[in-house]
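A short worksheet on the structure shown next.
The values are calculated or read from the model by the stated rules, or taken from the named source; none is laboratory data. Just so you know, these numbers come straight off a predicted model, no measurement behind them. As a convention, Cβ positions derive from the backbone with ideal geometry for all residues, glycine included, and neighbour counts pool all protein chains shown.
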6 protein chains.
Amino acid sequence: MTTTVSAETLATLKTTATSTLTTLLFKRGFRNVFIQGARPLKTGQRLAGPAFTLRYIPAREDLDGIDAFLDPRHPQRVAVEEIPPGAVLVMDCRGDVSVASAGSILATRMQMRGVAGIVTDGGLRDASGIAKLEIPAWCSGPSAPTNLIRHHALDINAPIGCGDVPVYPGDIMVGDDDGVVCIPAHLADEIARDAVPMERYEDFVLEQVRGGASIIGLYPLTKPENRALFESWLAAK
Amino acid sequence: MTTTVSAETLATLKTTATSTLTTLLFKRGFRNVFIQGARPLKTGQRLAGPAFTLRYIPAREDLDGIDAFLDPRHPQRVAVEEIPPGAVLVMDCRGDVSVASAGSILATRMQMRGVAGIVTDGGLRDASGIAKLEIPAWCSGPSAPTNLIRHHALDINAPIGCGDVPVYPGDIMVGDDDGVVCIPAHLADEIARDAVPMERYEDFVLEQVRGGASIIGLYPLTKPENRALFESWLAAK
Amino acid sequence: MTTTVSAETLATLKTTATSTLTTLLFKRGFRNVFIQGARPLKTGQRLAGPAFTLRYIPAREDLDGIDAFLDPRHPQRVAVEEIPPGAVLVMDCRGDVSVASAGSILATRMQMRGVAGIVTDGGLRDASGIAKLEIPAWCSGPSAPTNLIRHHALDINAPIGCGDVPVYPGDIMVGDDDGVVCIPAHLADEIARDAVPMERYEDFVLEQVRGGASIIGLYPLTKPENRALFESWLAAK
Amino acid sequence: MTTTVSAETLATLKTTATSTLTTLLFKRGFRNVFIQGARPLKTGQRLAGPAFTLRYIPAREDLDGIDAFLDPRHPQRVAVEEIPPGAVLVMDCRGDVSVASAGSILATRMQMRGVAGIVTDGGLRDASGIAKLEIPAWCSGPSAPTNLIRHHALDINAPIGCGDVPVYPGDIMVGDDDGVVCIPAHLADEIARDAVPMERYEDFVLEQVRGGASIIGLYPLTKPENRALFESWLAAK
Amino acid sequence: MTTTVSAETLATLKTTATSTLTTLLFKRGFRNVFIQGARPLKTGQRLAGPAFTLRYIPAREDLDGIDAFLDPRHPQRVAVEEIPPGAVLVMDCRGDVSVASAGSILATRMQMRGVAGIVTDGGLRDASGIAKLEIPAWCSGPSAPTNLIRHHALDINAPIGCGDVPVYPGDIMVGDDDGVVCIPAHLADEIARDAVPMERYEDFVLEQVRGGASIIGLYPLTKPENRALFESWLAAK
Amino acid sequence: MTTTVSAETLATLKTTATSTLTTLLFKRGFRNVFIQGARPLKTGQRLAGPAFTLRYIPAREDLDGIDAFLDPRHPQRVAVEEIPPGAVLVMDCRGDVSVASAGSILATRMQMRGVAGIVTDGGLRDASGIAKLEIPAWCSGPSAPTNLIRHHALDINAPIGCGDVPVYPGDIMVGDDDGVVCIPAHLADEIARDAVPMERYEDFVLEQVRGGASIIGLYPLTKPENRALFESWLAAK
């Protein structure tokens, strides 16, 4: 998977709030970029990296018995070994949290391989074990049962839906405590560029509000005096 | 799409109740073969044919505007023109009934092309228009909005999920007033073979029950005297 | 099952609208008497009879294989043979419509035995076959798969929940095109008694409204002149 | 309620398919105009008229006892008497189908008063009685219990949500067998204007498809020869 | 907003468990007072104050673009500036957690203004930022997208539904780790009065149970000896 | 309740991950053993013990008023006093989290009586109080309202459904941070026996993976060299 997104863009996005990013995407007409239902396994996680996808369809009893994993080409296991360092494993589980889509051994392997993170609209098993790792993870909830009960791993790196959001391989996944945003790859650079002043302005607003300012005319900026104030605040930094 | 299922098998399946088929599949360990949520557009419809699939993922505003249909390779339109006569269009809409997955013009075109039927876990628009056609259709409900609002047509004839059921291209879709069953292709012949005596026995049971018989020992057959009775009933046919 | 509800009460209830009955029960503090999700299999069905219950719990693979029905004491089959004539089979399927709770053979047997009707918050298989019978039926939808896939038939004539409503054996089930109401047994007589004048008044109202009357002061009756009008209308009948 | 929508616009909209209307609105950026969950009470119903709204909030036991209807200013009853002829009663029931939002007496009164139709995302009681009237109705399902059990009628003609769609008083509600579309009032004229040629083109397409034409290049029109064909078809009408 | 609830009542309610309050309201016939789905953003939060409401309806693309916030009268922003100190902002988001209903800047502003807390049946963005503030908050989950994607802020201080519960301006909202209860304003004083002895008795029960006592006859109090025990316990305090 | 499961089996199960157990049960054909929706009240909880069940059906206003608890035979209170030490209280709340199924006083009493834990698919009230106890608890969420609002406690120690899973009295409930598994009683010993080597192998795998090994051929074990490696690893322990 080749992604043309620069390390600088990823670094910026990794420190940008998902709330800022969804607003910037909304301004460009994108209303459906937030992975619904995917919660962080622990607080304080940050993530930015290109999507590497795994698609599950419903399991079938004759194909998805316990022996399915004996096949060295089983797509879930292959995905874990082939996802490039820095990429994010994004799994399409059709929002089904009744079983797991991965567990702590696979998460550990991905961490060893330098994978940036895990995002799934299904469950994760041994979720507290995964939470102890460094690799960040977002899922619809802890769920012990093996994925074979409900899922058949089918495709690696095809476009998928995850949490009702379209995810194309190479799209930039950004995560924080609120959840995960999927930024279409071709917009990542410009979103990162716009994020910096927007976050800076929000820092200014927060400081003003903490000092007792009203939000009217300040958030968003509509009063000219607030612009002047912001500019001197910026200059003073 | 090559299917080795004989015309005779299809003919048998088309007149077999989906309740019978799900039981025969359950006996072989298949618990998840009934397309959940797909209701017939009108009563009396029967269907048997190999699945030809169309996969939708969630729409993205920059890819799925009204102009998407100007592309002659748009997968939904291509599917309608390429699905073989006798096949069944099965659509993966992730169970989303808020928009349509097809409408009466596409349904009419498929009828003209000899398509056997339409099965979707999404909506159908101009549903009463489709109901007036000969081509049978099952969906999660009438729904007027264009598919572009929620769906991006992506894949033709890939394995999909439909109504939480795995559907592989070439699987045999059988439908009646209860709904639609997906029979894995390699089992179609033997399921058809077993369906005949099972339906015959159920005809016998129904006749006995209408005559006042108790179902204990008769349904299922456990009392030897009922076996004898059935055999003479059969012989008399 | 002994029920002290008179044939006269049942006859009155059978011709009373479920909307009237839910209002009469609401006046006595009962807010939760309408079986949620249970729709009539066909229009024009009427039902009144004491509940005879069947309770399903989730199936377990080692107990609920296809051989479960070989046991002549299987509670579903026993229920069908033991439910008294005039009673209503009410099934607790935990609202799960993914499988059937009964089919046309059992329905035919119950019709032969004089059973008054079938109410389930699960599915019915061969639903169009059942719709052709005389026995009325309400369910959450047609569903072909055998009940063994999801259900283990456990108890006969224990108190159950059906469509989120408590149903005690002997409670009076009344059904029409809107759905089914469960009347606690000890209230059946007084509800029937109150239903007659209430329905008569509603007939009067409907006639007045068709004649152009406003509903204010008429429905409900708060204007004295309407009471006089009603009384002469009654006298003229 | 003053609406500037002409009788001619309403007449056009009443014969336009909701599928056409949702597409025309989608072309203008409106993705959420189809009342989700509102099904027609019977087939063949058509509707076009300005919205007159009734808003319910959850009921409270001390405010919404059976005596609530004794108040001649009860908003539900007032709405029924004050809604202008030609308008459509649109009710916000928060999608709750467990109780009714109106019944056949109120529907009859509205029919007498010349009301154009009823749209609700809740239930309707005595639904088969309403289905026998001429006034068309769309709801989330038949439901016998009185609205007082779950609803407190609060506002008349305030903006509401109905079936997850924003409905402002005076918006034009158009309904057919697929369901109901809400057209923002200021767009009604131009949508009606655009609907005529679009429906005419679809008639042409359907005729072509019935004659064996492929949809590629025809639906939508991208091949020049089809434009010529359409123009001669039009001329011949 | 004028509320006649005394500071003493609020102080009592703020230290009373919501479980106690729902029981006291249930004794008076109120079954639906607990805001369903609203979870605390962090543990240990306590809240008591009169409701100040904000009502959202579904968004419409032409009204709810990013520029909507430029209007200084935008109801969300106005609500934040006008809600009185000590009051609780209660938002009706129709239970939709797919977008935010407020974020950390607005929460900070409300904290500065002395607002008692935030209750919503929708999402909150920058939820971990809000959790670091002193102002307590309950919501259906963290959610990054801006409210404009799904919500149109319409009304300030109208009666609303929140988490399926009716909330009238001035009702007393009380929150703890279980969630939030809405006490009808006219009952706040008597509920507070009854809460004190009830909580005291529960303290006594807990002490007895920790000492090995059975709950039968103790919880609730039905054995006379337990009353005597309680009275000496009380006297000893 | 007599259970033949040995203390040794329980001790083994208590330290086995639920993910391991669901896989071992899946190998034996059990797909539905994980209590859906039951989350731990706090992290780090472990549980193993035989199920003692309590079944709720929907409440009825005339039976389930606040006085219901005055009856010393109320099944919820009786269950709390009669559940044997070491057993697990498992409650069937039909997945309804809108009210509580128990609170901190009952939980404290059970802890005093040596009860092993609490599992419910409903809510728990004063959930943070319960979380401070030693007795572990899993539920669908905190919920303050009394169970009487929605539940009627009916049966003690009958087979139930909990979180869509069949639970028979005496089945072994095992819980950890992922959730709770129900092991059919007759399988507990063999599952415990198989769990030990499986967990040991997973420890080995984790160590290998942390050391940089690929999972292909290792997890599951298919490469002979990994078997040898495992055996020397085992020997070295």
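Suppose the filter is modelled with pLDDT of 95 or more, of a type in the set (Val, Ile, Thr), under 21 Å from residue C:127 (Cβ atoms) and not in a loop (DSSP other than H, G, I, E, B); does residue B:118 pass it? Working first, answer last.
Working: modelled with pLDDT of 95 or more: yes; of a type in the set (Val, Ile, Thr): yes; under 21 Å from residue C:127 (Cβ atoms): yes; not in a loop (DSSP other than H, G, I, E, B): yes.
It is true that residue B:118 is modelled with pLDDT of 95 or more, of a type in the set (Val, Ile, Thr), under 21 Å from residue C:127 (Cβ atoms) and not in a loop (DSSP other than H, G, I, E, B).
Kindly indicate which of C:130, C:135, C:160 is in contact (Cβ under 8 Å) with a residue 40 or more places away in the chain, under 28 Å from residue B:20 (Cβ atoms) and either of a type in the set (D, E, K, R) or assigned by TED's automatic domain parsing to the domain that holds residue C:93 (or both).
Values: C:135 fails: in contact (Cβ under 8 Å) with a residue 40 or more places away in the chain; C:160 fails: under 28 Å from residue B:20 (Cβ atoms).
Selected residue: C:130, the only one of C:130, C:135, C:160 that is in contact (Cβ under 8 Å) with a residue 40 or more places away in the chain, under 28 Å from residue B:20 (Cβ atoms) and either of a type in the set (D, E, K, R) or assigned by TED's automatic domain parsing to the domain that holds residue C:93 (or both).
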Quiz item: Before we move on, is residue B:130 outside any strand (DSSP E or B) and within 21 Å of residue D:219 (Cα to Cα)?
Solution: yes
Exercise. Among residues belonging to the stretch B:113-124 that are over 14 Å from residue B:39 (Cα atoms) and touching a strand residue (DSSP E or B) at 6+ places or on another chain (Cβ under 9 Å), point out the one that is surrounded by the fewest Cβ atoms within 10 Å (Cβ to Cβ).
Key: B:115
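Looking at the stretch B:54-61, is at least one residue acidic (Asp, Glu), closer than 30 Å to residue E:149 by Cβ and surrounded by fewer than 16 Cβ atoms within 10 Å (Cβ to Cβ)?
First pass over the stretch B:54-61, keeping only residues acidic (Asp, Glu): B:61.
Retained after the next criterion (residues that are closer than 30 Å to residue E:149 by Cβ): B:61.
Narrowing further to those that are surrounded by fewer than 16 Cβ atoms within 10 Å (Cβ to Cβ): none.
Within the stretch B:54-61, none of the residues are acidic (Asp, Glu), closer than 30 Å to residue E:149 by Cβ and surrounded by fewer than 16 Cβ atoms within 10 Å (Cβ to Cβ).
Taking the condition part of a helix (DSSP H, G or I) and either at pLDDT 95 or above or of a type in the set (A, V, I, L, M, F, W, C) (or both), does residue C:205 pass? Steps first, please.
Values: part of a helix (DSSP H, G or I): yes; either at pLDDT 95 or above or of a type in the set (A, V, I, L, M, F, W, C) (or both): yes.
Yes, satisfied.
Yes or no, residue by residue, for (1) of a type outside the set (Ser, Thr, Tyr); (2) in contact with a Ser or Thr (Cβ under 9 Å, 6 or more places away or on another chain); (3) within 14 Å of chain F (Cβ to nearest Cβ):
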position	(1), (2), (3)
C:50	yes, yes, no
C:56	no, yes, yes
C:59	yes, no, yes
C:65	yes, no, yes
C:70	yes, yes, no
C:74	yes, no, no
C:83	yes, no, no
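Residue check: is residue C:30 over 12 Å from the mean Cα position of the chain (by Cα), surrounded by fewer than 20 Cβ atoms within 10 Å (Cβ to Cβ), of a type in the set (A, V, I, L, M, F, W, C) and within 9 Å of another protein chain (Cβ to nearest Cβ)? Talk me through it step by step, then tell me what you get.
Working: over 12 Å from the mean Cα position of the chain (by Cα): yes; surrounded by fewer than 20 Cβ atoms within 10 Å (Cβ to Cβ): no; of a type in the set (A, V, I, L, M, F, W, C): yes; within 9 Å of another protein chain (Cβ to nearest Cβ): yes.
So residue C:30 does not fit the description; no.
Does residue A:124 satisfy being within 16 Å of the chain's Cα centre (by Cα) and free of Cβ contacts under 8 Å to residues at least 60 places away in the same chain? Talk me through it step by step, then tell me what you get.
Working: within 16 Å of the chain's Cα centre (by Cα): yes; free of Cβ contacts under 8 Å to residues at least 60 places away in the same chain: no.
The answer is no for residue A:124.
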Quiz item: Can we say residue C:178 is touching a Lys or Arg at 6+ places or on another chain (Cβ under 8 Å), within 30 Å of residue D:113 (Cβ to Cβ) and among the acidic types (Asp, Glu)?
Solution: yes
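Being β-branched (Val, Ile, Thr) and either touching a His at 6+ places or on another chain (Cβ under 6 Å) or more than 15 Å from residue D:172 (Cα to Cα) (or both): is that true of residue D:35 here? Working first, answer last.
Values: β-branched (Val, Ile, Thr): yes; either touching a His at 6+ places or on another chain (Cβ under 6 Å) or more than 15 Å from residue D:172 (Cα to Cα) (or both): no.
No.
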Quiz item: How many residues does the stretch C:1-27 contain that are of a type in the set (Gly, Ala, Ser), touching a strand residue (DSSP E or B) at 6+ places or on another chain (Cβ under 8 Å) and crowded, with 20+ Cβ neighbours inside 10 Å?
Solution: 1
Quiz item: What pairs can you find where one residue is in the stretch F:222-235 and within 16 Å of residue F:198 (Cα to Cα), the other is among the small types (Gly, Ala, Ser), and their Cβ atoms are less than 8 Å apart, with a gap of 6+ or different chains?
Solution: F:226/F:217
Exercise. Could you check how many residues of the stretch D:129-155 are more than 14 Å from chain C (Cβ to nearest Cβ) and among the charged types (D, E, K, R)?
Key: 1
Quiz item: Which of the residues that make up the stretch C:56-96 are at pLDDT 95 or above and among the aromatic types (Phe, Trp, Tyr)?
Solution: C:56
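One line per residue, one yes/no per condition, for (1) among the charged types (D, E, K, R); (2) surrounded by fewer than 24 Cβ atoms within 10 Å (Cβ to Cβ); (3) farther than 22 Å from residue F:204 by Cα; (4) in contact (Cβ under 8 Å) with a residue 40 or more places away in the chain:
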site: A:68; (1), (2), (3), (4): no, yes, no, yes
site: A:71; (1), (2), (3), (4): yes, yes, no, no
site: A:82; (1), (2), (3), (4): yes, yes, yes, yes
site: A:92; (1), (2), (3), (4): yes, no, yes, yes
site: A:111; (1), (2), (3), (4): no, yes, no, no
Self-check item: Qualifying position, being modelled with pLDDT of 95 or more, more than 10 Å from every other protein chain (Cβ to nearest Cβ) and surrounded by fewer than 20 Cβ atoms within 10 Å (Cβ to Cβ), among A:158, A:185, A:213, A:195
Solution: A:185
Quiz item: Which one of the conditions (1) modelled with pLDDT under 95; (2) in the same structural domain as residue A:164 (by TED's automatic domain parsing) does residue A:27 fail to meet, given that it meets all the rest?
Solution: (1)
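Do the conditions hold for residue B:207, that is, is it facing another protein chain (nearest Cβ under 9 Å), in contact (Cβ under 8 Å) with a residue 24 or more places away in the chain and within 18 Å of residue C:104 (Cβ to Cβ)? Spell out how you get there, then give the answer.
On the way: facing another protein chain (nearest Cβ under 9 Å): no; in contact (Cβ under 8 Å) with a residue 24 or more places away in the chain: yes; within 18 Å of residue C:104 (Cβ to Cβ): yes.
Taking the combined requirement at face value, the residue does not satisfy it.
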Quiz item: If you scan the stretch C:208-223, which residues turn out to be closer than 17 Å to residue D:74 by Cβ and not in a loop (DSSP other than H, G, I, E, B)?
Solution: C:209, C:218, C:221
Quiz item: Which condition does residue B:207 not pass, out of (1) surrounded by fewer than 18 Cβ atoms within 10 Å (Cβ to Cβ); (2) of a type in the set (D, E, K, R); (3) in contact with a helix residue (DSSP H, G or I) (Cβ under 7 Å, 6 or more places away or on another chain), if it passes all the others?
Solution: (3)
